[in-house]
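As structure tokens, the structure follows; a few thoughts come after it.
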Amino acid sequence: MTQTENLFPDSDFWNVLNSADSGALEETYLHYKPKAVAAVVAAGGYTADGSVFYRVAFIHLARMAQSESIPFGISLSDYVVSLAALHYRDWRMERNLEAPPEENTEENQSPAFEMPGSEALRELRWAVWSRRQFFRLPKEDREKMQELADDTAKLPENRRFATEDDAVEAGFGASIHHYKRLLPEQSAEWAGVLPAWVVTALTDPHFIKIWDQTQLFEQKISAADYISPKTNHFWRNAFVVLGIITAITIAFRFYFKSETPGEVFNDNFSAPESLLADLAARQTLSPDNDSLGIRPESCDLVFAEADAAYQAKKYRIAAAALAQLLDDSNKACQSDAYFYLAIIGLHMNEPALTIECLSNIEDLARYGEDIYWYQALAFVKLAAENPLMQEKAVRAMDRVISNTELPERREQAQKMLQQLND
């Protein structure tokens, strides 16, 4: 990073990446993302690809800073931009994809400094991917894989298991098999009890911190595409805001009529029949009882009240009940309340409320992928009311395609994207 860019000099950038301080890290991440995304697009990718590979490059650069392996005498801002494009090109080679036509642009010029080799690039991407896939495992498998990773991270003489066969004999075989199924492209590179990139993804504090932070940054960026994050004071006047949004919605419907996005939304929006049943299913798959702390009994009582109203299709009463959980005394169940308020917002034809709620969710382990999905549906809903939102709806659906690991959801999103573009 250079002094002339008015953010941090290179030495400070190094320290920010090494410490993963959240405030400065977010400022740094947001500052250089546009240029890195442009570099990936110039290399033949989509804007959504740019976001994915910039995040990978940023994590990679943070790891290099932590291990003090970044070359001296370079601009770290130029380095992370070049690294994003390099990761994208190497990923295409790894997947045996046809090389896109190269344009004669500044972003496509070979960097004048040494870059990581293909092996280092892929191991970093595999670590990023394996942590992401880890949260798709059922709770029992996650616990077993975490136990294996903790054991493999120890010195050889202190480990319980020397080989994968040892772990299989001890009852870990099914969990290993399930994890490998989520990593089909990487399973051929599986070595030992667990490969080094899995151990890093599950046990390295710095990697986990930078992964979690950048995931949260991307979630905020996705939500901010339409609406700026609000403070907690937003909820003191929640129903006044709902009334304003309703009035705006009516006005848009009168002046702008667009049938196609509305049909796309109606054909694809599905919601849980019961809030309590859906929440219980998510808790079963959660790494612990609640990833943000122990849930007080008061949360369960409020959710029971909200669920009764929700199942009776009294959505504003359900929303009013959940809004009780949005103060700081109920931190452990705030993410749950925000998520189901987001769904209720779609039921009430309040997509802006949905986006607002999703932007406040911190429990990424439980809701990560669904956040992208319901954000995209909210943007499609907005586009149904205001054709000026069509482009944002297309970008939101593009993010779903880039960030989902569920084949059926990717197929559904691709179909919706095609309908929006017709």
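The values are calculated or read from the model by the stated rules, or taken from the named source; none is laboratory data. All figures in this text were calculated on a predicted structure; none of them were measured in a lab. Neighbour counts are summed over all protein chains in view; Cβ atoms, including those assigned to glycine, are modelled from backbone coordinates with ideal geometry. SASA here: full protein model, heavy atoms, side chains in, ligands and nucleic acids out. Shrake-Rupley method; radii C 1.70, N 1.55, O 1.52, S 1.80 Å.
Note on ASN96 and ILE317: their simple-model spin labels are 6.0 nm apart, each label 7 Å out from Cα toward Cβ.
For the residues SER175, SER298, a 1.4 Å probe over the protein chains yields an accessible-area ranking, largest first, of SER298, SER175.
List the pairs from LYS313/LYS381; LYS33/LYS331; LYS331/LYS392 whose alpha-carbon separation is above 21 Å, in the order I gave them.
Details: LYS313/LYS381 19 Å; LYS33/LYS331 31 Å; LYS331/LYS392 31 Å.
Distance filter (> 21 Å) returns LYS33/LYS331; LYS331/LYS392.
Between GLU408 and ALA174, residue separation times 0.36 nm minus the direct Cα-Cα distance comes to 81.8 nm.
Residue ranges 301-309, 332-340 sort as 332-340, 301-309 when ordered by packing (mean number of other C-beta atoms within 10 Å per residue, highest first). Relative to one another, the C-alpha centroids of region 331-385 and region 186-206 are positioned 33 Å apart.
Starting from the residue with the highest accessible area, list ARG399, ARG366 in decreasing order, probe 1.4 Å. Mind showing how you got there, number by number?
Numbers: ARG399 45, ARG366 20 Å².
Heavy-atom accessible area, descending, gives ARG399, ARG366.
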